[in-house]
Structure formats: C-alpha cells, structure tokens
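This report refers to the structure that appears directly beneath it.
The values are calculated or read from the model by the stated rules, or taken from the named source; none is laboratory data. Everything numeric here is computed off the predicted structure, so don't read it as measured data. Using ideal geometry, Cβ is built from the backbone for each residue, glycine included, and neighbour counts are taken over all protein chains shown. With ligands, DNA and RNA removed, areas are computed over all heavy atoms of the protein, side chains included. Shrake-Rupley method; radii C 1.70, N 1.55, O 1.52, S 1.80 Å.
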Amino acid sequence: MSEETKERLLTVARRHFAEKGFYGTSLAAIADELGITKQALLYHFRRKEDLYAEVLTRISDRLMRFVRMAGYENDDPARQFEHIVLSIYHAAIEHPLDSRLLMRELLDNPSRADSARNWYLVPFLDGLTGVVRAIPGLGHVSEPMVFCFVYQLLGSIEYFVVSTATLNRMYGAETYDTIRDHFPLELQNHIHRFLRASGARQERVDSP
C-alpha cells in the first residue's frame, strides 16, 4: 500500500468511526469505498482495533502538538495555556470529525475499557493539566480541581463542535455565526475567572 493510499484509508476510516462509532463501522464498507478488497485492508491493519488505534493516535498526536506550544522560553504560563485552549478550539472547528470521533469514543469505550491496552488521550490530558499547574500561584490547587477545570473546557469545546449542525438549524446561520465567534471569548473569560478565584498571579492574563 502506497503512502497516498494509506492516507486515504485513514481519512475514510476516520469519517466512518466518527459517524458510526467503533462498533458500527465495517472494515468491508471502508474497503469498498476505497475500491480495494477487505483482504488488502487487513494486510496492513490486521484487526479493526489496529485501524482504530492508528486513527486515535493521529488525533492524539495533533492535540499534543498544541501542548508542546508551552515550551516557549520566558513566556507566561497563563498566556500559554490560554493560547493552547484557543488553538484547540479553532482546530476543532476546522476538523469537526475529530470531535465527533472523540465523543463516540467516550460513548463506546465503557464496554471495552476493561480490556483497553492504550489510553491515547492520557498524555494530552496530563500535558495540558501540567501547563495549568505551572502557572504561578496555583501550587495550592488540588490535582482533581485542575483536572476538572481542564476537562470542563475541553468538554465544552467538543460538545459545541459536535452540535454545530443542530444549532445552525435551530437558530439560523446568522445567530449561529455570532455564537461561534463569541465562544472563544467565553473560553477566555472562564479561564480568567478560574485563575482569579484560584489566586494565580496573572498580571498579563487580564490585559487586552
């Protein structure tokens, strides 16, 4: 299989997993859409789990790239975190299938959790919470509180993105566009409220 064919395969698989979930996705349907045999697909991905793992790994890697933005020297950690969250939001708007797939994974995974060998999003979640904990003045904030704060932010982004089509039809394109444009501002406000309430030193956070 050429690199181009592999990329096409992963693109089609990503869409199928996002639309139908792990259990609703058929390798035969993916192969048929690509115009190859199921046997040819299985030659490169021996099980549906292997193909799914590759798709999730790529999503995780894309998310981790945002976390690595926090490596800039002499940059304020609070500003870094805010920039990462906004970058994740804009990427989710641009690639809504990733959000749908991740939401599907949360719905489908409980029946596979006991046998799961890899948790692809753990490095991303740990990295993002680590950025928050590096913000001056948050040393007293518990790890569960930081995790809940980060998870709420991510959850609001993913939920908003997967409901885009519904919101568009419920309220119309003009209203939806206004909400979409305002959403990152509210993410920033939520971050600022948390930092203020937690006593973080944020001389630069509240500046325009």
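Worth pointing out:
- Applied to segment 11-26, the Karplus parametrisation 6.51 cos²θ - 1.76 cosθ + 1.60 on θ = phi - 60° returns per-residue 3J(HN,Hα) values of 5, 5, 4, 4, 5, 4, 5, 5, 7, 10, x, 4, 6, x, 8, 10 Hz, with x for Gly and Pro.
- Efficiency of FRET between H140 and H192 - r from beta-carbon atoms, R0 25 angstrom, step 0.05: 0.85
- Degrees separating the helix 48-67 axis from the principal Cα axis of the chain, which is the longest one: 20 degrees
- Within a Gaussian network of the chain (alpha carbon springs, distance under 10 Å), most fluctuating of R79, R68, R169: R169
- In the chain, the C-alpha radius of gyration followed by the widest Cα-Cα span (Dmax) gives 19.4, 60 angstrom.
- List S2, S60, ordered by accessible area with a 1.4 Å probe, largest first: S2, S60
- For the chain, carbon and sulfur atoms together expose 54% of the accessible surface, with a 1.4 angstrom probe and every protein chain in place.
- Taking other residues whose beta carbon is less than 14 angstrom from the beta carbon of N168, and scoring Lys, Arg as +1 and Asp, Glu as -1, yields -1.
- Taking A29, A18, A91 as the candidate residues, the one with maximal mean-square fluctuation in a Gaussian network model of the chain, Cα springs under 10 Å, is A29.
- Computed over segment 1-60, the alpha-carbon pair-distance distribution with 5 angstrom bins reads 4, 20, 36, 29, 10, 2, each value a whole percent.
- Ordering P136, L63, T11 by the projection of their Cα atoms onto the charge dipole of the chain, which places +1 on the Cβ of Lys and Arg and -1 on the Cβ of Asp and Glu, puts T11 at the extreme positive end.
- Net charge dipole, the chain: roughly 440 debye, given to the nearest 20, about the Cα centre with Cβ charges of +1 for Lys and Arg and -1 for Asp and Glu.
- Only protein heavy atoms count here; under a 1.4 Å probe, K38 has an accessible surface of about 90 Å².
- Among A53, I179, L86 - extreme Cα towards positive end, dipole of the chain, charges at beta-carbon: A53
- Once the 1.4 Å probe is applied to the protein heavy atoms, the chain comes out at 57 Å² accessible per residue.
- F147-T37 FRET efficiency (beta carbon distance; Förster radius 45 Å; 0.05 resolution): 0.50
- Rounded to 10°, Cα long-axis angle of helix 96-108 versus longest principal axis of the chain: 80 degrees
- When you restrict to C-alpha pairs under 8 Å that are six or more residues apart and normalise by the size of the chain, the relative contact order lands at 24 percent.
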